[in-house]
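Have a look at the structure below before the remarks.
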Amino acid sequence: MSVKEGFVGSIGNTPLIRLRKLSEETGCEILGKAEFMNPGGSVKDRAALAIITDAEDAGRLKPGGTVVEGTAGNTGIGLVHICNARGYKCVIVIPETQSIEKMDVLRTLGADVRPVPAVPYKNPENYVKVAGRLADEMENAIWANQFDNVANRLGHYRTTAPEIWEQTSGKVDAWVTSMGTGGTFTGVAMYLKEKNPDVKCVIADPYGSAYYHYLKSGELKTEGSSITEGIGNARITKNMEDMPADDCIRIDDREAVRIIDHLLFEEGLFMGGSTGINVGAARELALRMGPGHTIVTVLCDSGARYQSKLFNNDFRKEKGLV
Ligand code: PMP
């Protein structure tokens, strides 16, 4: 029998999908880790599980407790599923600029959702800081703190990375993905570099994020903006500390949208915006490295989460993306 134990037992062991047309176009094997196939629908199920398990193991989260988090959405979805499965309550603080679909699903799943104005990280009313304060004020509550809790990247180091290594039989030449917390990029990059220091680890960055300039000049400088959600940041989180990043490729929203439409209409894969940045960067990296290389990236979440924005023609027109 091949049976998985509930929601938690179904997280991970996702397929590695060959993107046929982009592989043919570039002469490389472009492979997408299908994280949208996690039971909560995104790569963040892994971080949520790693964070909750770590808090339980350390005795910080006790039966009947509450998990509080500031999240753009996907981490919240993963957390609330796991909270339901394990008997915890879940409070989610979310910037009110995030998609309606994400907020609705969190409420439906049973989270106590608290939208707050979208203000920069240095402002004490930033959603991440509000979440931290809330957890402090509550009894038997933890702040998941996905940005600076390194249980996040450790989860990827222990699960996502060895899966990629095994699925490619160790024949991976490059790893490229965007960063929100940096847990996925750094956890996987650290493992792959240990296995083979020649694996090229490249950050995919949208406009409005600081990592492109950080990799090029050491300066955390941003320019422009992006409609993508869940990725891009202007600081080095604890999950990014000592990241073995070799390079950074910046992808604009026009290219991300072109890739998203390509994935949908030519590969049959309905993906969200961050996947457009990731796959766009994987394609660009393939062109730079030349034929014959195996490049792994992440298919983060489904396009169904972005119907009202990314897949809405009026929204695309307004943003100059048609
Ligand atoms: N894509 C999406 C859609 C996300 O929600 C996130 C996480 N916020 C990421 C990519 C980036 O993952 P990480 O936090 O591990 O850097």
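Contact order, relative form, for the chain: 20 percent (alpha carbon pairs under 8 Å, 6 or more residues apart, mean separation divided by residue count). May I ask for the angle, rounded to the nearest 10°, between helix 127-137 and the longest principal axis of the chain, with both axes built from Cα atoms and the value confined to 0 to 90°? Long axis of 127-137 versus the principal axis of the chain: about 30 degrees. Out of G59, G272, G180, any idea which swings most in a Gaussian network model of the chain, alpha carbons joined below 10 Å? In this elastic network of the chain, the residue with the biggest mean-square fluctuation among G59, G272, G180 is G59.
Within the chain, antiparallel bridges make up roughly 15 percent of the DSSP beta bridges whose residues both belong there. Computed over protein heavy atoms with a 1.4 angstrom probe, the accessible surface ordering of S302, S178, S169, largest first, is S169, S302, S178. Amide H contacts under 5 Å for V93: E69, G70, T71, R114, restricted to partners 5 or more places along the chain or on a different chain, H placed in the peptide plane at 1.01 Å from N. Within a straight-line Cα-Cα reach of under 13 Å, K317 can be paired with the following aspartates and glutamates, leaving aside sequence neighbours fewer than 8 residues apart in one chain: D253. Taking only protein heavy atoms and a 1.4 Å probe, the accessible area of segment 199-322 is 44% carbon and sulfur. With the chain treated as a Gaussian network of Cα nodes joined by springs under 10 Å, which of G12, G76, G218 yields the largest mean-square fluctuation? Fluctuation is largest for G218. Among the listed pairs K216/K238; K200/K221; K33/K200; K44/K171, a Cα-Cα separation exceeding 22 Å is found for K200/K221; K44/K171. At a probe radius of 1.4 angstrom, the accessible area of the chain per residue rounds to 42 square angstrom. Compared with the dominant Cα axis of the chain, that is its longest principal axis, helix 183-195 is turned about 60°. A dipole drawn for the chain from +1 and -1 charges on Cβ atoms has a positive end, and of F311, I17, G155 the residue lying farthest that way is F311. Absence of a disulfide-compatible partner, taken as no other cysteine beta carbon within less than 4.7 angstrom, is noted in the chain for C28, C201, C248, C300.
Within the straight-line cut-off of under 22 Å between alpha carbons, the lysines reachable from K62 are K89, sequence neighbours fewer than 8 places apart in one chain being disregarded. Placing unit charges on each Cβ (+1 for Lys and Arg, -1 for Asp and Glu) gives the chain a dipole about its Cα centre, and among T297, Y211, G320 the Cα reaching farthest toward its positive end belongs to G320. When only the Cβ of Lys, Arg, Asp and Glu is charged (+1, +1, -1, -1), the dipole of segment 167-233 relative to its Cα centre reaches about 180 debye. Rounded to the nearest 20 debye, the dipole magnitude of the chain is 100 debye, with +1 charges on Lys and Arg beta carbons, -1 on Asp and Glu beta carbons, and the Cα centre as origin.
The values are calculated or read from the model by the stated rules, or taken from the named source; none is laboratory data. Here the structure is a predicted model, which means the values were calculated and not measured. FYI the Cβ positions are ideal-geometry reconstructions off the backbone, even for glycines, and counts take in every protein chain you see. These area figures cover heavy atoms from the full protein model, side chains too; ligands, DNA and RNA do not enter into them. Shrake-Rupley method; radii C 1.70, N 1.55, O 1.52, S 1.80 Å.
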